[in-house]
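Peer 1: Here it is, the structure in full.
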Amino acid sequence: MPSFSTETCPLRKKYSLWFTILKLALLFICLAFPFMAGNYYLRFAIVLFIYIIVSIGYDISSGYCGMLTLSAAAIFGAGAYASAITVTTLKMPFLVGMLVAMVVTGLISFLISLPAYKVKGNYLALISLGILEIVQRILNDWTSLTHGAAGFFLPPWSIFGMNLTDYAKYYVIFFFLILIMLFEWGLIKSHWGRDFIAVKNDEIAASGVGINNRKFKVIALLISSMIIGVAGSLYASYSEFISPDTFGFYLTIFILLTVVIGGTGTLSGPAIGVTIVMIIPEFFNASPDLKQIVFGGLLIILTQVMPGGITGRIKERFRAIDDNRHIENLGDRPPISFEKYRVNADGPENILEVKNLTRRFGGLTAVGNLDLEVKRGTVHSLIGPNGAGKTTTVNLITGIDKPSEGSVIFNGEDITGMEPFDLVKRGIARTYQHVRLFKDLRVIDNVAMGGRIYYTYGLAGAIFHSRKKRKEEKEAYLEAYDCLKLIGLESKSNFDPGSLSTGQQKLVEIARALCEKPKLMVLDEPCAGLNETEVEELSEIIKKIRDVGITVLMIEHHMSIVMGISDYITVIDYGKKIAEGTTAEVSVDPVVRKAYLGEEVTAC
Amino acid sequence: MQQLIFGLANGSIYALMALAIGMVSSTTGIVNFAHASVVMMGAMVSWWMMVIYGLSYIPALFVAIAVSIVLNIVMYETCVKKLGDLQDNVGWIITLFGASIILDNIARMLFGTEPQAFPYLFGGKMVTFFGANIMLHELMMITIAVVIGVVYQTIIKKTRFGRAVRAVAFRPATSELMGIKSEKIILSCFAMAGAVAAIGGALIAPITFASYTMTYSIGLKGFAAAVLGGFGNTKGAFIGGFILGLIEAFISIFVPAGIKDSISFVIMIIVIIFLPEGIMSAKFFNRNLSAAEKV
Amino acid sequence: MLKVDSLTIAYGKTEVVHHVSFDVKKGSVVTIAGANGAGKSTILNTIVGLHRSKEGSILYKGEDITRTAPDRLVSKGIRLVPEGRQIFAEHTVEENMLLGAYVEKDAKKIRDRMDQMYDRFPRLKERRKQIGGTLSGGEQQMLAIARALMTGPDLLILDEPSLGLAPIIVKDVFKLLTEIKQTGVTILLVEQMVDNALSISDYAYVLETGNIVFSGTKDEVKNSDDIVKAYLGNV
């Protein structure tokens, strides 16, 4: 367990002994199980393990990354058949079959993920439902390959030429389960896991900290499918007979239910969920339709009553006991100051140059031929009445929106039309008008996400807890903690962002942006929703940010802060620049008074 | 010719399903994944009324319509209403699948697993038409579907209620300012979709036989048709249904039956991948403001 | 006519309007002025029932309407012209007007009202068959106002009617509001263009971060430092 500055899970620290005992007890029971149980329960346990693997895989894409698909049964089936055909028809060893299964399921996931980056919710569900049907058709009708509806028989399961007994099968499958769980643990407790959650929570903010949403969605689906593929090949080899019926719509619902019951996006959720969903039918042996009705009812009720599933409930409960007070003692940390984020003043004098920027929505010109120059190391405010086009301008600069015409030059480089995740690496950080924190991550995780572009460890490093990973994670969290200290919120590290006031959330966003070590920080209405004292605090923080050489471009309506801390002000109205200059110049400009107050220009 | 009528007849069912799916999604933005199960329930209830209580076709159908309307209203109240912002979460996908499973298995418990023969309209009479033998029932399916489609479009375009439906679809909050109760409008849309489902069920049942699995494959094709025409666009969805029916009928001349069934899903996936904007109606597009406007 | 007492409004946990009290006398024009984010639109939306208040009460003609649903308020004669006009862009102009009269069941009354509106807004009559989205910004604002007048309201509430309109059009809008006032309709107005709004107002309140910081007749407000401060800060 890498020691982060604050524990990844506060309750684990307080109750760590109990959790360790629980885990060891479970491990022991699983290892000793074959010697205690009869044949029926042994088979039950084996199938349980296989479905836990499926559920873990499914949870990575649907729970962590938020892509609700309905093709899990099809992928499971494709994995089973791919491996069965390899082992039986091609007479290859089991492990080769498993590899083939992973390749096939990976390919199917590509098909699903092809449109996944641009469509959401219902379309993804429909595509995956279509794929479920198509796979069913192929399994039923391509009889030369799959033997059709009659089913497919496999030879007895052997590994390295050894035929496996029932006990051996149990341990082999248990071994794979542990392997997959360790894999998931490594993945989820790395920046990858947090990135998946970020993509699920807020794609715009995810892009804003340097995540290529499309890439991560494809990866999540790929990993997810390959894990399900492994489960499929285990299932085929274990049961020695597979038929298309097994992999239909009801299995998809079963898998969905395990995740809904256990809790989406948690490590132990799939195991708990599968166990419960496997035990329920034991009470309905006489009546399979009643069982399905109970499943359906659970889907309806749990989704609305217990959105986090059982593990979500447990977490909530523990958090209430723990009250988020627990933060590990950091020992002596060197005093922290904004100096750490100082940027040197190399490069052109104007850090940002906007030329002839235009954006049209249909017939409406939101921003027209706007020129803007932001000098390095200054606080530059963009003001103007409601609907003047300020946020559009900022969106064009930060890559969320693409200009119809014109160019944006940052630090001497043309960045027109670049994606937000590219701009982060070049040194542009931003905050949002309506707070965009990742709600399923704690405050400190949110801040640490700002530094995610500085991670260098790869997927393998994440899974095997490489030394590099441990070092980088530790550094990232210490830095995030320091950053929270700078804004005076270190005591909230372990809180959910939703429990903070708007003002505090806005400060956390600034801390996240600071962690990106930017050259230019863009603040979109940082004071909206703040009370007077918070505004005071914020203006002090913005001044300190400027004093270490970070350029600040700010949209703000709160005029006392604009006038108090800006070096330059640009006033826009109707998408056009109507005045520009130093604070003193702009404040007495009659044009500005007119735009704001509708006053007639008297001093001409 | 036979293929043409056959395709149109099948298409009319897809069109009715797509229309009902469109009614719900135009005002709520969701896809009713339980719709196929309501269609099945409609068919089963009218079968039950005819066989057990000896009602004739039309009264039985009315009972089925009433039941389906109630089912859809209950579904809205239990599965959709309490979920909050429907654009922002996918909880409804899960709850609606839950509802679908419950309906399927209730039908299985009540009516058994055996497919039941369902009477044709006009007792399965055939007519000869341009040298092809055509069942009157099939002509009736097409006629009824077209009538429903036209009536619905007229309601939507011309009446006070229709204006309110379009207003809620476009701007729910502003509709409230006009004194329109959006929730009531949404509920009415669910109810109408239920009625259309029952009619569709009773029309298709003679061909597929009445059983709890009768809509497994045609249900998905209803979605495919809705995708083809664009969600929230009832006119497009309706036409999409007929197009899908025709494509299927003509492709089935060249390919075996198993592959024929996959065709519509392949079409659906291709449309989603390559033409999501092309098939999206303006209404749907407006509900999902571009990323820039949401920041 | 309208009496708002100690109104407190919150979005989730964040309080955006704190114990705001004001009243609107029958037949008058009242302006609530204040910078962006001061909570003006929130107050209006709460009055018309789109948003729930946390504390406080709203009385209309002596009747408590704090928890009344929007459709009931429309029947009682309160209409809001929302910020950014929000016309139904896919309905025709005439359909927009008909939607405005949704709660009215009497077809003759609706026709009479419609004729009245067409007399007042000849531009809308010319474009009655046109789709709402194709109108210009000024025409859309006229349509939004006409739509609200379709039920003959006693209290007309306008949220930033000048937003995004060219100055010359803004003048027309305010001229129109004066005319509407003369027909006996009480008007509650939220505006950024304070000068324009004040010129037609009888009374005004200045709102700053959810608190009323100043109130008075139009001349008192015009000559007060608070208004400039609320917009431009301490200069």
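Peer 1: Please go through the stretch B:201-232 and pick out each residue that is among the small types (Gly, Ala, Ser) and crowded, with 24+ Cβ neighbours inside 10 Å.
Peer 2: B:Gly201, B:Ala202, B:Ala205, B:Ala210, B:Gly222, B:Ala224, B:Ala225, B:Ala226, B:Gly229, B:Gly230, B:Gly232 - these are the residues of the stretch B:201-232 that are among the small types (Gly, Ala, Ser) and crowded, with 24+ Cβ neighbours inside 10 Å.
Peer 1: Within the stretch A:60-92, can you find the residues that are more than 14 Å from chain B (Cβ to nearest Cβ), among the hydrophobic types (A, V, I, L, M, F, W, C) and either touching a residue at least 40 places away in the same chain (Cβ under 8 Å) or in contact with a strand residue (DSSP E or B) (Cβ under 8 Å, 6 or more places away or on another chain) (or both)?
Peer 2: Within the stretch A:60-92, A:Ile60, A:Ile75, A:Phe76, A:Ala78, A:Ala80, A:Ala82, A:Ala84, A:Ile85, A:Val87 meet the criteria.
Peer 1: For a quick check of your reading: which helices (runs of 4 or more DSSP H) sit entirely within the stretch A:89-184 and have at least 3 residues that are surrounded by 13 or more Cβ atoms within 10 Å (Cβ to Cβ), over 23 Å from the mean Cα position of the chain (by Cα) and of a type outside the set (Asp, Glu)?
Peer 2: Filter on the stretch A:89-184 gives A:94-113, A:121-141.
Peer 1: Out of everything in the stretch A:404-428 that is touching a residue at least 40 places away in the same chain (Cβ under 8 Å), part of a strand (DSSP E or B) and of a type outside the set (Phe, Trp, Tyr), what residue ends up being farthest from the other protein chains (Cβ to nearest Cβ)?
Peer 2: The residue in question is A:Ile409.
Peer 1: Out of C:Lys3, C:Lys40, report the one residue that is of a type in the set (Lys, Arg) and at pLDDT 90 or above.
Peer 2: Within the list C:Lys3, C:Lys40, the selection yields C:Lys3.
Peer 1: Yes or no: the stretch B:209-216 includes at least one residue that is more than 14 Å from chain A (Cβ to nearest Cβ), over 21 Å from B:Gly7 (Cβ atoms) and modelled with pLDDT of 80 or more.
Peer 2: Within the stretch B:209-216 (the criterion being more than 14 Å from chain A (Cβ to nearest Cβ), over 21 Å from B:Gly7 (Cβ atoms) and modelled with pLDDT of 80 or more), the answer is yes, since at least one residue qualifies.
Peer 1: While we're looking at this one, here's another question. Looking at C:Arg67, C:Arg72 in this structure, which one is free of Cβ contacts under 8 Å to residues at least 24 places away in the same chain, more than 28 Å from C:Met142 (Cα to Cα) and basic (Lys, Arg)?
Peer 2: C:Arg67 is the lone residue from the list that is free of Cβ contacts under 8 Å to residues at least 24 places away in the same chain, more than 28 Å from C:Met142 (Cα to Cα) and basic (Lys, Arg).
Peer 1: Quick test of your reading of the structure: A:Lys517 fulfils all but one of (1) in a helix (DSSP H, G or I); (2) among the basic types (Lys, Arg); (3) surrounded by fewer than 24 Cβ atoms within 10 Å (Cβ to Cβ). Name the failing condition by number.
Peer 2: (1)
Peer 1: Restricting to the stretch A:522-538, give me the number of residues that are over 25 Å from A:Asn395 (Cβ atoms) and either touching a Leu at 6+ places or on another chain (Cβ under 7 Å) or touching a residue at least 40 places away in the same chain (Cβ under 8 Å) (or both).
Peer 2: Number satisfying all stated conditions: 1.
Peer 1: Does A:His434 meet the test of being free of Cβ contacts under 8 Å to residues at least 60 places away in the same chain and either over 32 Å from the mean Cα position of the chain (by Cα) or not assigned by TED's automatic domain parsing to the domain that holds A:Leu538 (or both)?
Peer 2: For A:His434, the condition - free of Cβ contacts under 8 Å to residues at least 60 places away in the same chain and either over 32 Å from the mean Cα position of the chain (by Cα) or not assigned by TED's automatic domain parsing to the domain that holds A:Leu538 (or both) - is met.
Peer 1: Right, something else. Only residues that are in contact with a Pro (Cβ under 7 Å, 6 or more places away or on another chain), within 27 Å of C:Ala35 (Cβ to Cβ) and either within 11 Å of another protein chain (Cβ to nearest Cβ) or surrounded by fewer than 24 Cβ atoms within 10 Å (Cβ to Cβ) (or both): list them for the stretch A:346-403, please.
Peer 2: Answer for the stretch A:346-403, where residues must be in contact with a Pro (Cβ under 7 Å, 6 or more places away or on another chain), within 27 Å of C:Ala35 (Cβ to Cβ) and either within 11 Å of another protein chain (Cβ to nearest Cβ) or surrounded by fewer than 24 Cβ atoms within 10 Å (Cβ to Cβ) (or both): A:Arg359, A:Leu396, A:Thr398, A:Ile400.
Peer 1: How many residues does the stretch B:242-270 contain that are closer than 13 Å to B:Ile13 by Cβ and facing another protein chain (nearest Cβ under 9 Å)?
Peer 2: 1
Peer 1: Just checking, which of A:Lys474, A:Lys469 is surrounded by fewer than 18 Cβ atoms within 10 Å (Cβ to Cβ) and part of a helix (DSSP H, G or I)?
Peer 2: A:Lys474
Peer 1: Take the conditions surrounded by fewer than 22 Cβ atoms within 10 Å (Cβ to Cβ) and either closer than 18 Å to A:Arg342 by Cα or more than 10 Å from every other protein chain (Cβ to nearest Cβ) (or both) and apply them to A:Glu537. Does it pass?
Peer 2: Taking the combined requirement at face value, the residue satisfies it.
Peer 1: Taking the residues in the stretch C:6-26 that are small (Gly, Ala, Ser) and modelled with pLDDT under 90 as candidates, determine which candidate is surrounded by the most Cβ atoms within 10 Å (Cβ to Cβ).
Peer 2: C:Ala10
Peer 1: Kindly establish whether B:Phe223 is touching a residue at least 40 places away in the same chain (Cβ under 8 Å), in contact with a helix residue (DSSP H, G or I) (Cβ under 8 Å, 6 or more places away or on another chain) and assigned to a loop (DSSP other than H, G, I, E, B).
Peer 2: no
Peer 1: Looking at the stretch B:1-28, I want the residues that are under 22 Å from B:Gly131 (Cα atoms) and have a partner that is of a type in the set (Ser, Thr, Tyr) with Cβ atoms under 9 Å, at least 6 apart or on another chain. Which pairs are those?
Peer 2: Qualifying pairs under 9 Å: B:Gln3/B:Ser252; B:Phe6/B:Ser252; B:Gly7/B:Ser252.
Peer 1: Right, another one. Do any helices (runs of 4 or more DSSP H) entirely within the stretch B:67-172 hold 3 or more residues that are at pLDDT below 90 and within 10 Å of chain A (Cβ to nearest Cβ), and if so, which?
Peer 2: B:91-111
Peer 1: Now for a separate question. Of all helices (runs of 4 or more DSSP H) completely enclosed by the stretch C:120-235, which ones contain at least 1 residues that are within 11 Å of another protein chain (Cβ to nearest Cβ), more than 21 Å from C:Ala101 (Cα to Cα) and charged (D, E, K, R)?
Peer 2: C:167-182, C:194-200, C:218-222, C:225-232
Peer 1: If we only count helices (runs of 4 or more DSSP H) wholly inside the stretch A:197-296, which ones have 3 or more residues that are closer than 17 Å to A:Ala74 by Cα and either outside the structural domain of A:Phe76 (by TED's automatic domain parsing) or in contact (Cβ under 8 Å) with a residue 60 or more places away in the chain (or both)?
Peer 2: In the stretch A:197-296, A:213-239, A:249-262 are the helices (runs of 4 or more DSSP H) which contain 3 or more residues that are closer than 17 Å to A:Ala74 by Cα and either outside the structural domain of A:Phe76 (by TED's automatic domain parsing) or in contact (Cβ under 8 Å) with a residue 60 or more places away in the chain (or both).
Peer 1: Right, another one. Which members of the stretch B:177-204 meet the condition of being in contact with a Gly (Cβ under 8 Å, 6 or more places away or on another chain) and at the interface with chain C (Cβ under 10 Å from one of its Cβ atoms)?
Peer 2: B:Met178
Peer 1: Given (1) among the β-branched types (Val, Ile, Thr); (2) closer than 19 Å to A:Asn350 by Cα; (3) away from chain C (no Cβ under 14 Å), where does A:Ile555 come up short, assuming only one miss?
Peer 2: (3)
The values are calculated or read from the model by the stated rules, or taken from the named source; none is laboratory data. Model, not experiment: these values are computed from the prediction. All Cβ positions, even for glycine, are placed from backbone atoms using ideal geometry, and neighbour counts span all protein chains on display.
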